[in-house]
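Below: the structure, in C-alpha cells.
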Amino acid sequence: MTQIAHVTGTAFVVAEFRAEENHEAAPLYRDSVVEVFLNEDTRKAAGRVAGSFPPVKDLVKIRTKYFDDVLEAQIHSDVRQVVILGAGLDTRAVRKPAPGVRYFEIDDPDTLNVKLAGYRAHGIEEAVTFIPGNYVTDGVIDLLRQHGFDFGLPTYFIWEGNTMYLPLDRTRHVLAELTKYVTRFRASFDYMAEAVISRTTGDAGITRLVESFAAMKAPWLSGIRDIRSLACELGLTLIENFKTAELHQKYWVGRSMSSPIFHFYSVCTMER
C-alpha cells in the first residue's frame, strides 16, 4: 500500500495529475505505469490541491508532454545516460527505454522504496539505477560518482518540478556542478517567475496555489527572473525556453487558458 506519510506528498499529487491525461480522448501523452502508485488517499490529496486551483493540473500535463518530447529526441541522438533529479514517481525509465541508454534516478530512500515496491507488485521490470539521497545536501556529483555514472558520456538531465522548492543559489550550484564535471550534457527544467513566489502577480488564484503547496510543507522558495542571464553566467547555452502559455496554445489549439499562471511558469533546455 502506498505510504504517503513517508513520501513527499507532492510526488503523489503530481502523479495523480499526470495519470488523468490517460483518460482523455486525445491525450497529450500516455503514462499508464504511474497508476500503480495511486489509490484513494492519493486521489484525495490531489483533489485538495486541484480544488484550490484547478489549472495546476494543466501545468503538470504541459510540462510532462514537453519533457517527454525532449527526452525522445535525446535518446534517439547520441545520449547514453539519462539522469532524473528529484525523480519522485517519474516513470520515464520504464516508459521510454532505449538500447544503449542507462537511466539514473535520484530521490530520497522512502520515495524510491515505494517506487520499487510498486513496480515489483505489478511485475514491472525497471532498467534504472536508483540513487537514494538528497542531491542538494549530499552533492549530485558525489551521488552519481558512487553509482557508476560515466562523466564522459553524453547525458540528458531531467529536473522536473524541483527548482521552485530550492533557493536560487542552490539551483545555480547544481547547474554549476554539472557544468564543471559532466563533459557533455543537456538539461531540461521548469521554473516559476519571481512574481509567483513573491505573490505579486495580482491574481488571487495563483496566490492560493502557492499557499496550498506551503500547507503541504512543500513551500515554493524561488523563481527565476532572467533565464538567459543565468545560462550565460554558468557558461551554458540556452537551447530553448517556453512559457507554458506558448505550449498551451500549441498542445491545445483553440482551448482558452483558465488562468494567467501559464504566463508565469516556463520550461527550458540548456546544454554544455
Is it true that ALA218 is more than 24 Å from VAL79 (Cβ to Cβ), under 19 Å from the mean Cα position of the chain (by Cα), at pLDDT below 95 and of a type in the set (Gly, Ala, Ser)? yes
Residue among GLY235, GLY223, GLY254, GLY205 that is at pLDDT below 95, of a type in the set (Gly, Ala, Ser) and open to solvent by less than 80 Å² (accessible area, probe 1.4 Å): GLY205
Scan the stretch 182-199 and tell me whether some residue there is open to solvent by less than 10 Å² (accessible area, probe 1.4 Å), among the charged types (D, E, K, R) and in contact (Cβ under 8 Å) with a residue 12 or more places away in the chain. yes
Could you look through the stretch 68-81, keep only residues that are closer than 18 Å to GLY148 by Cα and in contact with an Asp or Glu (Cβ under 9 Å, 6 or more places away or on another chain), and pick out the one that is surrounded by the fewest Cβ atoms within 10 Å (Cβ to Cβ)? ARG80
Filter the stretch 197-249 for residues that are basic (Lys, Arg), closer than 27 Å to ASP69 by Cβ and touching a helix residue (DSSP H, G or I) at 6+ places or on another chain (Cβ under 9 Å) and give the result. ARG225, LYS243
Filtering the stretch 14-51 down to residues that are aliphatic (A, V, I, L, M) and more than 17 Å from HIS122 (Cβ to Cβ), which residue is modelled with the lowest pLDDT? VAL49
How many of the residues making up the stretch 112-151 are open to solvent by less than 10 Å² (accessible area, probe 1.4 Å) and of a type in the set (D, E, K, R)? 1
The stretch 250-259 - residue that is in contact with a helix residue (DSSP H, G or I) (Cβ under 7 Å, 6 or more places away or on another chain) and not small (Gly, Ala, Ser) and, of those, farthest from SER188 (Cα to Cα): MET257
Go through the stretch 111-125 and count every residue that is outside any loop (DSSP other than H, G, I, E, B) and more than 15 Å from the chain's Cα centre (by Cα). 10
Look through ARG48, ARG43 and report the one residue that is closer than 13 Å to LEU209 by Cα, open to solvent by 10 Å² or more (accessible area, probe 1.4 Å) and in contact (Cβ under 8 Å) with a residue 12 or more places away in the chain. ARG48
So, of the residues in the stretch 90-111 that are within 14 Å of PHE37 (Cβ to Cβ) and modelled with pLDDT under 95, which turns out to be most open to solvent (accessible area, probe 1.4 Å)? ASP110
Filtering the stretch 156-178 down to residues that are in a helix (DSSP H, G or I) and among the acidic types (Asp, Glu) yields ASP169, GLU177
Filter result for the condition that a residue is in contact with a helix residue (DSSP H, G or I) (Cβ under 7 Å, 6 or more places away or on another chain) and touching a residue at least 24 places away in the same chain (Cβ under 8 Å), over PHE67, PHE53: PHE53
Identity of the residue in the stretch 3-13, open to solvent by 10 Å² or more (accessible area, probe 1.4 Å) and in contact with a Phe, Trp or Tyr (Cβ under 8 Å, 6 or more places away or on another chain), that ends up modelled with the lowest pLDDT: ILE4
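The values are calculated or read from the model by the stated rules, or taken from the named source; none is laboratory data. Computed from a prediction, not measured in an experiment: that's the story for all the values here. Methodologically, a virtual Cβ is constructed for each residue, glycine included, from the backbone with ideal geometry; neighbour enumeration extends over all protein chains shown. Quick note on the areas: whole protein, heavy atoms, side chains included, nothing else; ligands and nucleic acids left out. Shrake-Rupley method; radii C 1.70, N 1.55, O 1.52, S 1.80 Å.
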